[in-house]
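Below: one structure, written as structure tokens.
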């Protein structure tokens, strides 16, 4: 499943808000990056989500999304105001509905299109949630229904929003935190839906009359083993770097392969970066890291599966999304970034340790060049600075694509020989 993390304030280098997410979906479920411009919409306009139509907002912000190819919404996204959201499945004792409705990924996009800040995004999601609820199949080839949790961040801070059916709670991240398909909120929430306790009583879920622990009351512990391990691992890695956390440390966390205890019915144990064909929990199909500051917001995306072999590439929303091939679908083909890297990743998995080590060493060196290059890049606030930022971003993307092509050819030659 997914892992999302954020760090704020004194634990980050430079006081930036840092965000990272691995989106874990089904094996072969291609994901792609899409930049959607801001737009105005006439009164009475309706918008079709993954399954249902709702009233459109009068104006929607420009958004950059990382989305499964068949879904209207997204797993990860940011907008032109520096707002960034990642969502995750959570499993409760109240069963999630499979009826056509609004899924969590749709709520993520709706919030990015309609909100400018963390608090506004919380308001958009919770307001629509109370009106429409959440439901619908979120699986690609397999039936999968769940409730949703979110990390919502902007240059001023980050919050965790956790939901069950139409109920919700929200709490602020003070230093660092992570969500990994498990409820994280006990009784420390700052706001909640007005009927939170009533919904628990309606579902015959025992709870104290005093403090109300959302995790204890609602969470299905049977489906929490993997999430509990991965969140604990993410928090441990965040703690080890606290005080000087940077973008590069978030790359490393999302690439972490330390496995937890392997359940008897699983081919492998839970880990943050996963790309095992037979793993019922899926594979990491996209990764995103961001550094959010008042003066500039810098996004680093793979646009591919397996961050351990993927290349984090820079994006400024102000300069657009570099060309990187057609939108991928469920059919394997090499023109799209996602499927081409999937071919490379699978060849690397089958390669010898020397080839794997050489690839990682060269990839890390390339990312170091990108980080240093973008560190010197001015914030794209006027015509000249936008041109320079656009040039540098496109240079990074071109070098990353050339690097992957070269290694794919190299591994193909090794296979044929």
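The values are calculated or read from the model by the stated rules, or taken from the named source; none is laboratory data. Owing to the predicted nature of the structure, the values given are computational and were not obtained by experimental measurement. Here Cβ is always computed from backbone atoms with ideal geometry, including for glycine, and neighbour counts include all displayed protein chains.
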(message) Tell me whether the stretch 298-305 contains one or more residues that are farther than 17 Å from residue 33 by Cβ, assigned to a loop (DSSP other than H, G, I, E, B), modelled with pLDDT of 95 or more and touching a helix residue (DSSP H, G or I) at 6+ places or on another chain (Cβ under 7 Å).
(response) no
(request) Scan the stretch 103-123 for residues that are surrounded by fewer than 24 Cβ atoms within 10 Å (Cβ to Cβ) and assigned to a loop (DSSP other than H, G, I, E, B) and jot them down. (result) 115, 116, 117
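Report the residue count in the stretch 342-376 for those that are assigned to a loop (DSSP other than H, G, I, E, B) and without any contact (Cβ under 8 Å) to a residue 60 or more places away in the chain. Outline the logic, then answer.
Going residue by residue through the stretch 342-376, those that are assigned to a loop (DSSP other than H, G, I, E, B) are 351-352, 376.
With the extra rule that they be without any contact (Cβ under 8 Å) to a residue 60 or more places away in the chain, the set shrinks to 352, 376.
Residues that pass the stated criteria total 2.
Would you be able to tell me the number of residues in the stretch 60-76 that are closer than 18 Å to residue 41 by Cα and in a loop (DSSP other than H, G, I, E, B)?
Here is the first cut: in the stretch 60-76, the residues closer than 18 Å to residue 41 by Cα are 60-63, 72.
Now restrict to residues that are in a loop (DSSP other than H, G, I, E, B): 61-62, 72.
So the answer is 3.
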(request) Of the numbered conditions (1) part of a loop (DSSP other than H, G, I, E, B); (2) under 19 Å from residue 313 (Cβ atoms), residue 339 fails exactly one; give the number of that condition. (result) (1)
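Please pick out the residue among 398, 389 that is within 20 Å of residue 290 (Cβ to Cβ) and either in contact (Cβ under 8 Å) with a residue 40 or more places away in the chain or part of a helix (DSSP H, G or I) (or both). Show your work before the answer.
Numbers: 398 fails: within 20 Å of residue 290 (Cβ to Cβ).
Only one candidate qualifies: 389.
Looking for whichever is assigned to a strand (DSSP E or B), more than 15 Å from the chain's Cα centre (by Cα) and either at pLDDT 95 or above or crowded, with 22+ Cβ neighbours inside 10 Å (or both) here; the options are 322, 314. Which one fits?
Numbers: 322 fails: assigned to a strand (DSSP E or B).
Step by step, each of 322, 314 is checked, and only 314 is assigned to a strand (DSSP E or B), more than 15 Å from the chain's Cα centre (by Cα) and either at pLDDT 95 or above or crowded, with 22+ Cβ neighbours inside 10 Å (or both).
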(message) Please verify whether residue 200 is part of a helix (DSSP H, G or I), in contact with a helix residue (DSSP H, G or I) (Cβ under 8 Å, 6 or more places away or on another chain), modelled with pLDDT of 95 or more and more than 26 Å from residue 9 (Cβ to Cβ), treating the condition exactly as stated.
(response) yes
(message) From the list 79, 22, exactly one residue is touching a strand residue (DSSP E or B) at 6+ places or on another chain (Cβ under 8 Å), surrounded by 15 or more Cβ atoms within 10 Å (Cβ to Cβ) and more than 29 Å from residue 345 (Cα to Cα). Which is it?
(response) 79
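This table checks each residue for (1) surrounded by 16 or more Cβ atoms within 10 Å (Cβ to Cβ); (2) part of a helix (DSSP H, G or I).
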| site | (1), (2) |
| --- | --- |
| 207 | yes, no |
| 215 | yes, yes |
| 226 | yes, yes |
| 237 | yes, yes |
| 248 | yes, yes |
| 256 | yes, no |
| 259 | no, no |
(request) Could you tell me whether residue 326 is without any contact (Cβ under 8 Å) to a residue 40 or more places away in the chain and at negative phi? (result) yes
(message) Please count how many residues of the stretch 247-271 are modelled with pLDDT of 95 or more and either touching a strand residue (DSSP E or B) at 6+ places or on another chain (Cβ under 7 Å) or under 20 Å from residue 346 (Cβ atoms) (or both).
(response) 6
